[in-house]
Structures are given as structure tokens and as C-alpha cells.
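The values are calculated or read from the model by the stated rules, or taken from the named source; none is laboratory data. Not measured: the values here are computed from a predicted model. All Cβ positions, even for glycine, are placed from backbone atoms using ideal geometry, and neighbour counts span all protein chains on display.
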Amino acid sequence: MNIEILGMPIYYGSDVKGSDLAYDFLKKDLDNIFIKNKIVKKQKIEVSNVDENDKYKSEPKLKYVDEIMDANKKLYNKTMEAFQNHNLPIMIGGDHSGAIGTVSAALDYHKGDVSVIWVDAHLDIHTEEDTPSGNVHGLPLAVCIGRCKNEKFRIGEYKLDPTNLYYIGPRNDGKGFEIEEIDYVRKANVTCYMEDEVHNLRNR
């Protein structure tokens, strides 16, 4: 299968600069990472510039929402185009807010028949109501599931079934999640292999 590389140079979801540089840093090495004749297209999503003082411009408790969702809608469209061209889209971020566009496009293209394996120290399933930081990189899975009710997070038609979500490696030392997240994960029967479980499997 041919590959389309999508660069998503965004840090607004984490509000910490650095992750936005990953695509430009890796771009020159992509042909060495993948088989050269398999990469048919490389493109970079345009992310709007916004002054740090305007991070709460559109929402009083959420940072950079308009810019994040604008970039994710562009990413959604490019991801969908790759699927329609029968190519495999690979997104290089960027912070975790970029999952909103890619997962939403996959859900729509496959009419909801999608599973997500989330390898991370955190659950990233806060809603706009319970996020303690206001950072959208902690919300992408809630957006994809349809838990976020703010109209600004509306994207795509199909939503992720939480029983098709699989976590690998969340920290369980009190720093990997808030109580609102783990309560939802348990109630929704999400499969979750915590950090200590992963270590135990490795040591068998």
C-alpha cells in the first residue's frame, strides 16, 4: 500500500512549544524510514498563527480551540483524501490534539468500524467540562467518542465506540489520569493495560 505523509506542526493542544517541530525535523529522513517508492505524497497542514495572549480568545476555559479545530478539519480532509486514494495516511505531529482529525476521518471512511490503540502515559479522555488544564491535547479521545458537547468540537459523522478503544501503558502512580477520566474508562468498559501490567507482561 502506498503511503501519504501528513505533517501536523501544532503545539497549541499542549501549550508547550516543541512538538510542532517534529515533522520538519523528520521530513528529510522519511525516505530512509519508509521504502522510497511507497511514499507517494508528503504534505504539511497549515496551522494558523495566534498570539499567546489570545489563547483563551474563543473559549474562557479552553486554549486555542478555534486554531486547533481549524487545523484538525484540514487534517480530516487530507486524511480522507488519502483513504479515498487507497493510500495509507501517516500523520506526524504535533501534539495529541491532532488525533481528532485523523481518527475522525478514519471513522467516517470506515463507517465507524475502527479501533484505536492508544499507547500513552495518559488517558487523554477529558471533556471540556472536567479538564483541569484547559489543554485540548487531553481531550482528543473524548472528542472522537462524542463526549464533548461544545459545538466547536463537532467533526465527522461517526463516533468511536469506547469498547473499541485500547489503552497501553497509562501511568497508575497518580499522575497518568484524573478521577473523572478513569471513572469513565471503567464505566464504558474500555480495555486498559496499565503501566505496571505492561511491565509485568514484559518480565514474564
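Pairing each residue of the range 52-80 that is within 30 Å of His110 (Cα to Cα) with any residue that is of a type in the set (Phe, Trp, Tyr) and in a loop (DSSP other than H, G, I, E, B), provided the two are 6+ apart or on different chains, yields C-beta distances under 7 Å for Tyr64/Tyr12; Glu67/Tyr12; Ile68/Tyr12.
If the condition is being over 24 Å from Tyr64 (Cβ atoms) and either free of Cβ contacts under 8 Å to residues at least 24 places away in the same chain or under 12 Å from the mean Cα position of the chain (by Cα) (or both), then the range 111-141 contributes Asp113, Ile117, Val119. Evaluating Tyr193 against the criteria (1) more than 15 Å from Ala99 (Cβ to Cβ); (2) modelled with pLDDT of 95 or more; (3) of a type in the set (Phe, Trp, Tyr) leaves one unmet condition, (2).
Please specify each residue of the range 158-173 satisfying the condition of being closer than 19 Å to Gly101 by Cα, part of a loop (DSSP other than H, G, I, E, B) and not basic (Lys, Arg). The answer is Tyr158, Leu160, Asp161. Pull up the range 147-204, narrow it to residues that are surrounded by 14 or more Cβ atoms within 10 Å (Cβ to Cβ) and on the phi > 0 side of the Ramachandran plot, then point me to the one that is nearest to the chain's Cα centre (by Cα). Looking at the filtered set, the residue picked out is Gly156. When the range 60-86 is filtered for residues that are more than 23 Å from Val40 (Cβ to Cβ) and among the β-branched types (Val, Ile, Thr), the ones remaining, listed by number, are Val65, Ile68.
Would you confirm whether or not the range 127-134 contains a residue that is of a type outside the set (A, V, I, L, M) and either outside any loop (DSSP other than H, G, I, E, B) or in contact with a Pro (Cβ under 7 Å, 6 or more places away or on another chain) (or both)? Checking the range 127-134: not a single residue is of a type outside the set (A, V, I, L, M) and either outside any loop (DSSP other than H, G, I, E, B) or in contact with a Pro (Cβ under 7 Å, 6 or more places away or on another chain) (or both).
Looking across the range 174-204, just one residue is of a type in the set (S, T, N, Q) and assigned to a helix (DSSP H, G or I), and that is Asn200. Residues of the range 44-88 that are polar (S, T, N, Q) and either surrounded by 16 or more Cβ atoms within 10 Å (Cβ to Cβ) or assigned to a helix (DSSP H, G or I) (or both): Asn53, Ser58, Asn72, Asn77, Thr79, Gln84, Asn87. Would you be able to say whether some residue in the range 11-18 is surrounded by fewer than 20 Cβ atoms within 10 Å (Cβ to Cβ), on the phi > 0 side of the Ramachandran plot and either under 20 Å from the mean Cα position of the chain (by Cα) or among the small types (Gly, Ala, Ser) (or both)? For the range 11-18, residues surrounded by fewer than 20 Cβ atoms within 10 Å (Cβ to Cβ), on the phi > 0 side of the Ramachandran plot and either under 20 Å from the mean Cα position of the chain (by Cα) or among the small types (Gly, Ala, Ser) (or both): present. Scanning the range 82-102 for residues that are without any contact (Cβ under 8 Å) to a residue 60 or more places away in the chain and farther than 17 Å from Arg154 by Cα yields Phe83, Gln84.
Would you be able to tell me the number of residues in the range 30-43 that are polar (S, T, N, Q) and either touching a strand residue (DSSP E or B) at 6+ places or on another chain (Cβ under 8 Å) or in a loop (DSSP other than H, G, I, E, B) (or both)?
Step one: of the range 30-43, the residues polar (S, T, N, Q) are 32, 37, 43.
Okay, now just the ones that are also either touching a strand residue (DSSP E or B) at 6+ places or on another chain (Cβ under 8 Å) or in a loop (DSSP other than H, G, I, E, B) (or both), so 43.
Final tally of qualifying residues: 1.
On inspection, Phe34 does not qualify as loosely packed, with under 12 Cβ neighbours inside 10 Å and more than 23 Å from Glu128 (Cβ to Cβ).
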